[in-house]
Every structure is written in structure tokens, then in C-alpha cells.
1. Report Rg/Rh for the range 132-261, rounded to two decimals, where Rg is the Cα radius of gyration and Rh the Kirkwood radius.
2. Using a 1.4 Å probe and ignoring any ligands, DNA or RNA, find the accessible area of residue 46 and quote it in Å² to the nearest 10.
3. Note the full-extension length gain between residue 162 and residue 250 as 0.36 nm times their separation in residues minus their Cα-Cα distance, in nm to one decimal.
4. Would you work out what percent of the accessible area of the chain, with all protein chains in place, is carbon or sulfur (probe 1.4 Å)?
5. Over the range 5-163, with the other protein chains present, what is the accessible area per residue in square angstrom, probe 1.4 angstrom?
6. Taking 4 °C and 1.567 mPa s as the conditions, I'd like the Stokes-Einstein D for the chain in µm²/s, using the Kirkwood hydrodynamic radius from alpha carbon pairs.
7. Using the crude model of +1 on Lys and Arg Cβ and -1 on Asp and Glu Cβ, and no other charge, please compute the dipole size for the chain relative to its Cα centre, in debye to 20.
8. Looking at the square roots a ≥ b ≥ c of the eigenvalues of the Cα gyration tensor of the range 197-261, which shape do they give, rounded for a/c under 1.5, prolate if a/b is larger than b/c, or oblate?
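The values are calculated or read from the model by the stated rules, or taken from the named source; none is laboratory data. Remember, predicted model here, so these are calculated numbers, not experimental data. Virtual Cβ from ideal backbone geometry, glycine too; neighbours counted across all protein chains shown. The protein model used for the area step is the full one, side chains on, heavy atoms only, and it has no ligands, DNA or RNA in it. Shrake-Rupley method; radii C 1.70, N 1.55, O 1.52, S 1.80 Å.
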Amino acid sequence: MDNQGLVNLGILDLVVAYSLVLLAIGLAKLKRIGQEGQMLWASLRMVFQLLAVGYLLHFIFAVQHPLPVLAILLVMGGFSMQVIGARIKRKMPRFYQVVGTALLIGCGGVTFVFCSLVVHYSPWYDPRYLIPLAGMIIGNSMNGASLAAERLGAEMRERREEIETALCLGASARQAAKPALRNAFRAAIMPTANTMAAMGIVSLPGMMTGQILSGTEPMVAVRYQVAIMCAITGAVAITAYLIVLQGYRSYFTKAQQLEMQ
């Protein structure tokens, strides 16, 4: 324990903690679920990625310059696009354009508003604030984006005959696709709504827990957690809405005809 009351974890502590992952892999192997290798690879990848990020952030904190901070944010955005694309097998037309634009506006806009008007630290590129806050917003929006894109594609395929019938009866493309848009948006924001409902009773969120463990007063940690959860909810909603709004248009021609791949 250091002078601030923070318990530092050593290598042996991490080895003991990692043994719990090995226990999970052993149980998976015992039940023959066939994902032992995937679980092991994911855990090793997590460790190496976090170690690399830790060393990189140590360097960026020391440099205090906006260019490496912006470069980190671009890399985070690029990897989020890669993860979303890997999750969805049947992608909507213009998938990366639609999702990339939604993430840029949703995550970028909310991060700017949150950092400048809520936290209002200085300078604006301070990596101790900007990188972790943007990371939480992007990470949660990534899940919402993948749900919105996957559900929209599934709804459009499942409702193809219904949509074509509505078009034949004189409905516009948006009117014909309205049930699909509604279901896709609901699927994207529901996990975030459920997370908010469980906070403080079922679970203590990670940001709040980390601040308390680092010595922050509980009520200060609570205020930060409430603020960042509001930002995450806004970013998820905006990102999902833009994906749904842009995405359904990619299924229709300029003549309002359904065009499925």
C-alpha cells in the first residue's frame, strides 16, 4: 500500500488473478463446449493489449501534446469499426460508411460536449481525461452500433414481403420500413437502459469502483459515474439512431424501390 492508501498489485497478484481465467477455461474443457482455445487466446490478447496501452499512455502522459492523443482516438475508432464489422456477417449496403459516420458524429459529438461542458478540464487534449472518457463512450457506443446494424439488416430481410407490399400500396420507403427501424433502435438502446436500471443495486459500475479503490471519495465517484453514464446513453442513442436512419436508406433506390442483396 502506498502513501495514498492505494494497494498496488504485483506480478504474483496478477498470476493469482489469471488463475481464475484458467479455471474458467478448465470448466469449459470439462463440459466440452469447444471454446477453450478462443477463451485462452482472448485472455492472452487482453493482457498484452492492456500492457501495451499502459506503456503507451505512460509515454503520452509525459509528452502532453495533442497529436499523439488524437492519433490514439483515431486508432480506437478504427479498431471499433473492425470489431463491429467482424460481429456482423450479413452487412447492410455501404456498411462502413454508415457506421463510421454514425460513430464519428455520435461519439465525437458527445465526447466534445461532455469534456468541454461537463468536466471542463484544461487543456482540452489532456490525455488523463480525454482518452479514458472517450474510450468508455466509444466502447459502449460500439456495442449499440453493432446491435443497431445487425438488427436493422435482419428486420429488413425478415420483413421484405411486408415492405414491398407497403410500397405497392403507396407508402414511402420510410413508412414501409418504420417497424424495422423501431425494432432496430429498441434493440440497440435496451442494453444501456438495463445497465442504468441495475446500477447501484445489482452492480457497482467499473468507473465508480476504480475511483473508490484509488482513494476518491465515494460521492465524488458517484457524480462522475452518473455523468459518464448519461454521456454513454446519449452517445449510444445518437449513434444507433444515425445508423438506423442512414442504414434503411441504403436498402432503397432513388425510385423508392427495395433493393436487397
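1. Working: Rg = 19.0 Å, Rh = 16.4 Å.
My calculation puts Rg/Rh at 1.16.
2. Counting only protein heavy atoms, residue 46 exposes about 90 Å² to solvent.
3. Details: separation 88, 0.36 × 88 = 31.68 nm, distance 1.77 nm.
Additional length available on full extension: 29.9 nm.
4. Details: 10500 of 15960 Å².
That share works out to 66 percent.
5. Numbers: 9950 Å² over 159 residues.
That works out to 63 Å² for each residue.
6. It comes out at roughly 62 µm²/s.
7. Values: 21 positive and 12 negative charges, 178 e Å.
I would put it at about 860 debye.
8. Values: a/c = 5.00, a/b = 4.11, b/c = 1.22.
Prolate shape, in that a/c is at least 1.5 and a/b is the bigger ratio.
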